[in-house]
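Bear in mind that the values in this text are calculations on the coordinates, not laboratory data. Only a predicted model underlies this, so the values are computations on that prediction, with no experimental measurement involved. So basically every Cβ, Gly included, is an ideal-geometry build from the backbone, and we count neighbours across all protein chains shown.
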Amino acid sequence: MSMLDLTPREPITRQALRINPLAGCQPLGAIYASLGIHGCMPHSHGSSGCSRYQKTLLQRHFRRSFKVTTSVLKESAAIFGGDANLKTAVKNIFDLYNPEIIAVHTTCLSETIGDDIKACLCDFPLPEGKYLIHANTPSYTGSHITGFANLAASAIQYLAVDSGSPNDKVCILPGFVNPGDMKEIKRISALMGVHYIMLPDTCGVFGQRRLEKINEYPAGGTRVADIIDLGNCKKTFALGKYASEAAAVQLREQCGVPLVLMDLPIGIEATDRFIMALKQISRQDVSYDLEEEREQVIDIILDAHPYFYHKKIALFGDPDLIIALAEFTAGIGMIPQYAVSGTPGAYFEDRMREIFRKYKIDGRAKNPADLFDLQQWLKNEPVDLLMGDTHGKLLARAEDLPFVRIGFPVMDRHVHSYLPVVGYRGAIRVLDMILNALMDRLDRDCPENDLVFI
């Protein structure tokens, strides 16, 4: 018997306690955003354990190793402050690892101490051609999505400049998605004839060969020169409110670049909106490749409709992903009965209510929430399918539900980070995962004489 088997059916009101939480801490997202900058060394201003846990989680998700440095704050720093540790660390990083840029993020410890990172580093003698940025990412508020957003906004705040010479490009803020998704977003933009700068960009960061030297960096990531040039873009496409809005607003206020805030382009409707927005920029017709992919998605939906029509689904994970998945699944005839996220913010429940009203669904959404909340709902009204990250596998077993792994982190499967869930190609993959899970359950439960090969 597991702990989840003891979850009571009766709702329990909680204010401070989280059981099986649905969010990581801010430094986790800040590290991932930092790795999307070319030649960048993420630096954790805290104790060594702060960076070790985040690094381990990212490595388990992407199946690749990478470097993260730390200030190694100890008892004395907790009393006298960690400024000296930080300055020494930054100097050693440039001397030993020779990054083009260091991205410093704070932790619970340094935030509680009250270290003023900006004041500490403002007079640091930077080597020629090197850059240094920082973001405040206390773990006791927000989530890994908040940390990702804060680091991306900080990169723009420190580096982006409006030189007065338009570059005829758009800024694409992809949100907290896998490298495979970023690659697909770039492919769609290129097919629509749109020149872009993406920040952050983890393509070519986790899929590269292992680096041999300590001062060697992956080939991928957004170049510092391109981040500086963001101030000359003609528009920003911010994909996902929670992960991308802060950076888009920063770029608008700092350099006057107008922004378009959109849901992640998952499913037909959201991808249509993204492509139409790109079309307004390029003034080109939609690429034949994209039209063909859209037709393939529609064909699959029509062919497989009997398997997922009116199937109830429970969604959990990062808010931008869950909002997009809810709209997609509702649009193909499924019922997103439950949607929960651990990242705070009123927008999640408001947007979910819009989706419920649009598709006439009597659903429930909660934010911030945890898997304990979701399991109590499931015990009172079960669903047909569970979708979310690896942390839901025990819940799926306890409630005997088919389970589709999607989002972050997925630690018990391989290959997922290379394959997109955005765009029409991504929609095909999501449909494939949903259909396989439902049909596998159908095969498991049906009588032996009803098993068929079609």
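With a 10 Å radius around each residue's Cβ, average the other Cβ atoms per peptide and rank 235-241, 438-444, highest first.
Order by mean packing, descending: 235-241, 438-444.
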Exactly which GluC sites (Glu not before Pro) in region 202-270 are in a DSSP loop and have at most 16 other Cβ atoms within 10 Å?
-> E212, E216
Exactly which GluC sites (Glu not before Pro) in region 110-202 are in a DSSP loop and have at most 11 other Cβ atoms within 10 Å?
-> E128
Quote the FRET efficiency, to the nearest 0.05, computed for K130 versus Q296 with a Förster distance R0 of 51 Å and r equal to the Cβ-Cβ distance.
-> 0.60
Give or take rounding to whole Å, what are the principal axis extents of the alpha carbon atoms in region 26-159, in descending order?
-> 35, 34, 26
May I ask which residue of A277, A324, T343 lies farthest towards the positive end of the charge dipole of the chain, with charges of +1 (Lys, Arg) and -1 (Asp, Glu) on Cβ and the Cα centre as origin?
-> T343
Hey, what angle do you get for helix 347-358 against the long axis of the chain, alpha-carbon based, 0 to 90 degrees rounded to 10?
-> 30
In debye to the nearest 20, the charge dipole size for region 318-454, taken about the Cα centre with +1 at each Lys and Arg Cβ and -1 at each Asp and Glu Cβ, equals 340
Among L6, T56, G24, whose Cα lies farthest out toward the positive end of the dipole of region 1-88, if unit charges sit on the beta carbon of Lys, Arg (+1) and Asp, Glu (-1)?
-> T56
Reachable lysines from K130, criterion Cα separation under 29 angstrom, eight or more residues apart if same chain = K55, K67, K74, K87, K91, K118, K169, K183, K186, K213, K234, K235
Round to a whole angstrom and tell me the spacing of the C-alpha centers of region 382-438 and region 279-309.
-> 22
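Treat the count of other C-beta atoms within 10 Å as a stand-in for reagent exposure and order I266, I300, I117 from fewest to most.
With the sparsest Cβ surroundings first, the list reads I300, I117, I266.
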Sum up the lysine pairs in region 328-420 that clear both bars: alpha-carbon distance under 23 Å and a spacing of 8 or more or different chains.
-> 4
Loop-only check: which chymotrypsin sites (Phe, Trp or Tyr not before Pro) in region 116-157 are DSSP coil with at most 16 other Cβ within 10 angstrom?
-> Y140
